[in-house]
């Protein structure tokens, strides 16, 4: 485009009102100005998305300890301010109205859910893990080699587990003799 063509474009009503490259205060919409006013006075904390091992950067906005918003962190060299749909919904981990906050249990053959206190639920889980470990324990494999493992349970991690949690889960399940341990937190 020749210089004279560019000068002609600048005379058009839209281009004449904004900075030379369409940036600056004149290019900011009213909606963007209102959004800036919403975050004024909030504490911004840089964090990392909890959903997978990519480690996208987030900015968590709070006021008086209350979560207000979560956005992609433009300073992140990994995600450069973008988030996938799961990362964009991080706020719902805490504030989703349908989020369960009690232990719910349906007995075998039952049709209704009941509330349990956490200690009772944890005891039930521990008893079942111990029983499955004992019932599925193998001292030797089919060829007679010593294996000392259990095939009575396995672990499949979810996308909301972070690297540190997966590390600890791997250690725990390995210590209990499990060999079927996997994490599916991939993109």
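The values are calculated or read from the model by the stated rules, or taken from the named source; none is laboratory data. Since the model is a prediction, treat every value here as computed from it, not as a measurement. With ideal geometry, Cβ positions are generated from the backbone for all residues, glycine too; neighbour counts draw on all protein chains shown.
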Discussion item. Which residue is modelled with the lowest pLDDT, if the candidates are limited to the stretch 75-97 and must be within 23 Å of residue 167 (Cα to Cα) and surrounded by fewer than 19 Cβ atoms within 10 Å (Cβ to Cβ)?
Written reply: 93
Discussion item. Every residue in the stretch 41-73 that is surrounded by 19 or more Cβ atoms within 10 Å (Cβ to Cβ), more than 17 Å from residue 93 (Cα to Cα) and within 12 Å of the chain's Cα centre (by Cα), please.
Written reply: none
Fill in: Residues within the stretch 35-74 that are at pLDDT 90 or above and part of a loop (DSSP other than H, G, I, E, B), tallied
3
Item to complete: Just name the residue that is modelled with the lowest pLDDT out of those in the stretch 98-116 that are surrounded by 10 or more Cβ atoms within 10 Å (Cβ to Cβ) and not in a strand (DSSP E or B).
Response: 102
Discussion item. Quick check on the stretch 126-149. Is at least one of its residues within 30 Å of residue 78 (Cβ to Cβ) and surrounded by fewer than 13 Cβ atoms within 10 Å (Cβ to Cβ)?
Written reply: no
